[in-house]
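What follows is a single structure, written as structure tokens, with notes after it.
The values are calculated or read from the model by the stated rules, or taken from the named source; none is laboratory data. The structure presented is a predicted model; accordingly, all values stated were derived computationally and were not measured. When we count neighbours, we look across all protein chains shown, and the Cβ atoms used for this are built from the backbone with ideal geometry, even at glycine. The protein model used for the area step is the full one, side chains on, heavy atoms only, and it has no ligands, DNA or RNA in it. Shrake-Rupley method; radii C 1.70, N 1.55, O 1.52, S 1.80 Å.
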Amino acid sequence: MSQPLFFCFAPCPRGLEGLLVQELETLPLAGLGQVLKVTPAPGGVSFQADWAGIMQANLWSRCASRILLRLDKKSYRNEQDIYDIALAQPWTDWFDLANDFKVDLTALTGRRAAPTEGTRTKQPPPAGKRTKPASVSHLQSLDFVTLRVKDAVCDHFRERTGQRPDINTQHPDIRIHVFLDDISCTLYLDTSGDALFKRGWRLEKGEAPIRENLAAGLLQLANWPERAAAGLTLLDPFCGSGTLLVEAMLQQLQVAPGLARSFAFECLRPCPLEQWQQVKQQARQQIQLQPLNQIHGSDIDQKMVYRARRNIERAAILYGLPENLPLPTVAMSSADEKAPPAPQGLIICNPPYGERMQVQANRDSVHPAPEETDALFSHWATQLKRHYAGWSVYVISADMQLPKRLRLKESQRLPLFNGPLECRYFRFDMVSGSARHKPSQDSANPGMTPA
Ligand SMILES: C[S@@+](CC[C@H](N)C(=O)[O-])C[C@H]1O[C@@H](n2cnc3c(N)ncnc32)[C@H](O)[C@@H]1O
């Protein structure tokens, strides 16, 4: 029997929309469910799916931040209209009184009623009032709108059951997302719950960890899955908590990133849970238990080395990998002294961003202690030029001057966002002597070709 199709939207880090389209287009697997009309938008991808398709998107997407199911989209003039739109939704059909909930609101700066990352006023603020984008200046305050939507959900429940569900702003069972532009209000039910980059394995972080879905995207943009299949070695010499290392391992073994966590759709009343068991079972069968490529990380900070190792071990346990599988290795080393672990390979990393954290000097180094970013990058570049001929080096950085600092010419640069930080994803192809490629313009193409 065919199931209803829902309009869905999957937000993702800006710059990864093309990859997310490719991911969703490979679904559904094993003929379970439907995923149709996959279309990119700035900061996400819209598509249509049935329940099994929504389950698979949550379970398999490495790049999406959430999978949102659209309940309604209507024009509005004021807070009362938004309350009425929310009150009219059949909330009691979607979830139980026993489930607590939370309302998130995003007001878009333009006329787009789709949730995008990086262009929004985010809810909730730490304290006090939020600034309203000009597009919704006709509303009293965004906090008041959020309150009215919450009231509408509670009033709907009260009219039907005499009781109302609880609010939980920290770990709600159900999240309702409201997206406003100047004329339309869109209501979504979040089928993910915790954001999808929270895979469950990274409990230990450093100061500026990269999100798991961005790390997964960086690996895919560097064609890691194909290069892993060809036996190439991977190194992250600024590995921090080991995010890129774990995501690389999951991609190589074809482990569904969501296999170690739960999802909000499991609480939704119409969701057919027997299909969820089938979808998960199919994902477990998909795991390719083969010897891992050499995946190495290093960091100058002993504390981060320890955290990365713990995260890798936790991931192996949570995803049920066999105990005898050799896992990615992590060593303590300054990037500018790290010897190449193989004659050829791939470096993928996000070195310290000036804005977010300090570069650490290796005071035992044979080099003079680098006090500045420039010094580290200059020493690292020397190391790359001397010892990494034949390697491809991919670096995400908010520093647009990075190639100049490294005195290397990039062969590709791709605009990407790390949260709100506008970055470039640079690729340098190391050849004997120096990198002789011409600098390239920002690439509009989401894919980066292998060397
Ligand atoms: C932006 S963080 C990387 C975060 C990492 N991708 C993660 O997800 O956790 C940069 C890392 O570079 C490390 N670092 C700073 N200076 C370094 C150096 N000279 N050599 C190696 N690592 C260094 C810091 O300890 C930090 O863990």
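All conditions in (1) farther than 20 Å from CYS239 by Cα; (2) touching a helix residue (DSSP H, G or I) at 6+ places or on another chain (Cβ under 7 Å); (3) open to solvent by 30 Å² or more (accessible area, probe 1.4 Å) hold for ARG413, with the sole exception of (2). Taken over segment 294-328, residues that are open to solvent by 20 Å² or more (accessible area, probe 1.4 Å), farther than 25 Å from LYS338 by Cα and in a helix (DSSP H, G or I) amount to 3.
Residues that are open to solvent by less than 20 Å² (accessible area, probe 1.4 Å) and not in a strand (DSSP E or B) within segment 22-48 comprise LEU24, LEU27, GLY43, listed in sequence order. Of the residues that make up segment 161-173, is at least one part of a helix (DSSP H, G or I), modelled with pLDDT of 95 or more and either surrounded by 13 or more Cβ atoms within 10 Å (Cβ to Cβ) or of a type in the set (S, T, N, Q) (or both)? Within segment 161-173, one or more residues are part of a helix (DSSP H, G or I), modelled with pLDDT of 95 or more and either surrounded by 13 or more Cβ atoms within 10 Å (Cβ to Cβ) or of a type in the set (S, T, N, Q) (or both). May I ask you to list pairs of residues, at least six apart or on different chains, whose Cβ atoms are under 8 Å apart, with the first in segment 375-400 being basic (Lys, Arg) and the second being away from the ligand (no atom under 16 Å from the Cβ)? What qualifies is LYS385/LEU408; LYS385/MET430; LYS385/GLY433; LYS385/SER434; LYS385/ALA435.
When each of GLN285, GLN281, GLN254, GLN275 is tested for being touching a Leu at 6+ places or on another chain (Cβ under 8 Å) and either modelled with pLDDT under 95 or farther than 22 Å from LYS338 by Cβ (or both), the lone residue that passes is GLN275.
Screening CYS349 on (1) touching an Asp or Glu at 6+ places or on another chain (Cβ under 9 Å); (2) away from the ligand (no atom under 16 Å from the Cβ) shows it passes everything except condition (2).
In the same structural domain as LEU234 (by TED's automatic domain parsing), open to solvent by less than 20 Å² (accessible area, probe 1.4 Å) and modelled with pLDDT of 90 or more, is that true of ILE348? So ILE348 fits the description; yes. Considering only segment 275-297, I want to know if a residue exists there that is within 16 Å of the ligand (Cβ to nearest atom), more than 16 Å from LEU318 (Cα to Cα) and among the polar types (S, T, N, Q). For segment 275-297, residues within 16 Å of the ligand (Cβ to nearest atom), more than 16 Å from LEU318 (Cα to Cα) and among the polar types (S, T, N, Q): absent.
Contact map, segment 172-183: residues that are over 15 Å from PHE263 (Cβ atoms) paired with residues that are among the β-branched types (Val, Ile, Thr) and at pLDDT 95 or above, Cβ distance under 6 Å, separation 6+ or inter-chain. Pairs shown: ILE176/VAL103; VAL178/VAL149; PHE179/THR186.
The number of residues in segment 301-322 that are within 12 Å of the ligand (Cβ to nearest atom) and touching a Phe, Trp or Tyr at 6+ places or on another chain (Cβ under 8 Å) comes to 1.
Among residues of segment 61-108 being of a type in the set (A, V, I, L, M) and part of a loop (DSSP other than H, G, I, E, B), the one that is most open to solvent (accessible area, probe 1.4 Å) is ALA98. Please tell me if THR169 is in contact with a strand residue (DSSP E or B) (Cβ under 8 Å, 6 or more places away or on another chain) and within 30 Å of THR243 (Cα to Cα). So THR169 passes the test. Residue-level check: of (1) modelled with pLDDT of 95 or more; (2) out of contact with any helix residue (DSSP H, G or I) (no Cβ under 8 Å at 6 or more places or on another chain), ARG77 misses just (1). Pairs meeting the criteria (first residue in segment 220-244 and under 21 Å from GLY15 (Cα atoms) and modelled with pLDDT under 95, second residue assigned to a helix (DSSP H, G or I) and away from the ligand (no atom under 15 Å from the Cβ), beta carbons under 8 Å, at least 6 apart or on different chains) are PRO225/GLN251; PRO225/GLN252.
Residues in segment 368-385 that are within 11 Å of the ligand (Cβ to nearest atom) and either at pLDDT 65 or above or buried (at least 17 other Cβ atoms within 10 Å of the Cβ) (or both): PRO370, THR373, ALA375, LEU376, PHE377, HIS379, TRP380, GLN383.
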